[in-house]
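Student: Sharing a structure here in structure tokens format.
Each value in this text was obtained by applying a stated rule to the coordinates, not by laboratory testing. A quick note: this is a predicted structure, and the numbers were derived from the prediction, not measured. Cβ: placed from backbone, ideal geometry, glycine included. Neighbour counts: every protein chain shown.
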Amino acid sequence: MLAFIKRYWLVMRRPSVHFSLGFLVIVGFVGGVVFWGAFNTGMEFTNTEAFCTGCHEMRDNVFAELKSTIHYTNRSGVRAKCSDCHVPHAWTDKIARKMQASKEVWGKVFGTIDTPEKFRAMRLELAQHEWARFKANDSLECRNCHNYDYMDFTRQSVRAQNMHSTYLAGKEKTCIDCHKGIAHRLPHIPAGAAPSDTPGQIVPN
Amino acid sequence: MQNRSVMFYVGAWLVATCLATWALVAAAAPTVVTDAARGPVPVMETTKPPRLGNAINDDTRRPRNHETQPPTIPHRIDGYQVDKNFNRCLDCHARGKTDFSQAVPVSKTHYIDRNGKVLEQISTRRYFCNQCHVAQDAAAPLVDNTFKGDGPASAVPARKP
């Protein structure tokens with residue numbers, strides 16, 4: 001093994017015999033552009049709605065729920081697609097999230113949530129992952145569109161003004177603390193199961 | 001032979017009666033079936049529904065018209081999830097949450113079951129808020145009415161939230 005590596009190390013170190021420096025530079029440059037473009041295009045493809053809803057787990061559960069919410073249909077027609085909220089926009093964070101998401105391929109292959117029953121059983125855990133992620137990055141994906149600095153409180157309802165000018169302005173809370181379940185239905189949240197103060201509501205029997 | 005002849009006359013009479021009835025029905029103008037609840041639009045046609053309004057969202061508490069009236073909701077509740085998993089109303093209005101949310105707490109009576117037992121959480125029979133409490137549209141009344149209510153003097157005053 002060591003000898004193998006050594007041999008290739010020597011090949012790599014040796015100057016090129018057959019190819020000119022100009023050829024290597026140009027091929028390297030063009031090859032780099034093609035590789036980078038293909039890589040990013042491929043990754044952007046995994047950010048499309050068509051890709052996300054290509055699996056019935058997404059299409060029939062969470063995507064179906066999204067459709068009646070304001071993030072999908074509203075008066076002005078601006079809308080968020082899956083990746084707008086669930087994938088960070090900055091490149092390094094995006095790569096990190098995509099690597100994490102490779103676990104979801106495992107889940108798809110082994111049918112972790114391939115029936116509505118399995119999905120319901122796992123829903124709280126899956127939601128908790130997202131809540132924890134939003135809590136940790138200060139609701140970054142919300143703030144990609146909803147920028148606190150440009151909120152006009154005078155155009156908000158009184159109760160929204162009260163909440164935003166205290167809890168949000170004081171950085172005591174972040175978006176997800178209050179705005180859970182705005183794009184999907186909430187599962188039953190037992191006491192203490194949410195990262196913030198949505199109390200475990202004891203639904204009466 | 002005698003029997004058969006009688007049968008023949010009976011049969012002929014039946015056929016004639018049927019034909020006459022059909023002729024009468026066909027001659028009459030086709031009746032248009034309407035339903036009072038749908039207005040003058042015939043049952044077989046689609047009604048033109050009125051425009052959807054936006055519920056009033058001014059967060060100003062309205063006085064009640066009589067003592068036992070469930071207070072109306074002074075804000076929009078579009079898309080609020082109220083089901084066996086989650087109750088979005090209680091997310092702010094539950095008595096445990098009002099310190100944080102500054103919302104009007106749910107009445108204490110809503111924590112009592114039908115046997116008079118005081119519960120830790122909202123009573124089952126009070127769980128579906130929208131059965132009694134509704135948001136309001138700024139719409140003109142569809143029909144005139146002369147309901148006066150108890151009047152402002154006895155109207156339940158708005159509590160400080």
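Student: What is the distance, in nm, between label points placed 7 Å from the Cα along the Cα-to-Cβ direction at A:T73 and at B:D59?
Tutor: Reported label-point gap for A:T73 and B:D59 is 2.9 nm.
Student: Taking the Cα centre of chain A as origin and charging only Cβ (+1 Lys, Arg; -1 Asp, Glu), how large is the dipole, in debye to the nearest 20?
Tutor: That gives chain A a dipole magnitude of about 580 debye.
Student: Calculate one ³J(HN,Hα) per residue across region A:38-45 by plugging θ = phi - 60° into the Karplus curve 6.51 cos²θ - 1.76 cosθ + 1.60, and present them in order as whole Hz with x for glycine and proline.
Tutor: Result, rounded to whole Hz: 5, 4, 5, 4, x, 6, 5, 4.
Student: Please report how far the C-alpha centroid of region A:155-173 lies from that of region B:95-112, rounded to the nearest whole angstrom.
Tutor: Here the two parts' Cα centres lie 20 Å apart.
Student: With unit charges on the beta carbon (Lys/Arg positive, Asp/Glu negative), name the residue among A:S165, A:S139, A:L126 whose Cα is farthest towards the positive pole of the charge dipole of region A:118-181.
Tutor: Working it through, the farthest residue towards the positive pole turns out to be A:L126.
Student: Just grab the label-to-label distance for B:V33 and B:E45, each label 7 Å out from Cα along the Cβ direction, in nm (one decimal).
Tutor: Taking the simple label geometry, B:V33 and B:E45 are separated by 1.7 nm.
Student: Label the protein assembly as shown by shape, choosing from rounded, prolate and oblate, from the square roots a ≥ b ≥ c of the eigenvalues of the Cα gyration tensor; if a/c is under 1.5 it is rounded, and otherwise prolate applies when a/b is larger than b/c, oblate when it is not.
Tutor: oblate
Student: To continue, here is another question. Just how far, in whole angstrom, is region A:1-64 from region B:46-74 if you go by their alpha carbon centroids?
Tutor: Using only Cα atoms, the two centres lie 59 Å from each other.
Student: List the residues whose amide H sits under 5 Å from the amide H of B:D83, counting only those 5 or more places along or on another chain, with H placed 1.01 Å from N in the peptide plane.
Tutor: B:R88
Student: A further question on this structure: Mind checking the mean number of beta-carbon atoms from other chains within 10 Å of the Cβ atoms in B:100-112?
Tutor: So the per-residue partner count for this stretch is 1.
Student: Amide H neighbours of B:D150 under 5 Å, at least 5 residues apart or on other chains, H built in the peptide plane: list them.
Tutor: B:H66
Student: On to the next question. Among B:K117/B:K148; A:K67/A:K180; A:K180/B:K84, which pairs are too far apart, with a Cα-Cα distance over 25 Å?
Tutor: In this structure, B:K117/B:K148 exceed 25 Å between Cα atoms.
Student: Answer rounded, prolate or oblate for region A:75-205, using the Cα gyration tensor with square roots of eigenvalues a ≥ b ≥ c: rounded when a/c is under 1.5, else prolate when a/b is larger than b/c, else oblate.
Tutor: Note, shape of region A:75-205 comes out oblate.
Student: Please list, in order along region A:95-104, the HN-Hα scalar couplings obtained from phi with the Karplus expression 6.51 cos²θ - 1.76 cosθ + 1.60 (θ = phi - 60°), rounded to whole Hz, x for Gly and Pro.
Tutor: 4, 4, 5, 5, 5, 4, 5, 4, 4, 5
Student: Right, here's the next one. Taking H placed 1.01 Å from N in the peptide plane, check which residues at least 5 places from B:I73 or on another chain put their amide H under 5 Å from its amide H.
Tutor: B:V134, B:A135, B:Q136
Student: When A:I70, A:I113, B:I77 are ordered from fewest to most other Cβ atoms inside 10 Å of their Cβ, what list results?
Tutor: The fewest-first ordering by Cβ neighbours comes to A:I70, B:I77, A:I113.
Student: For each cysteine in chain A, check whether another cysteine's C-beta sits under 4.7 Å from its C-beta; list those where none does.
Tutor: Those would be A:C55, A:C85, A:C145, A:C178, since no other cysteine Cβ in chain A comes under 4.7 Å of theirs.
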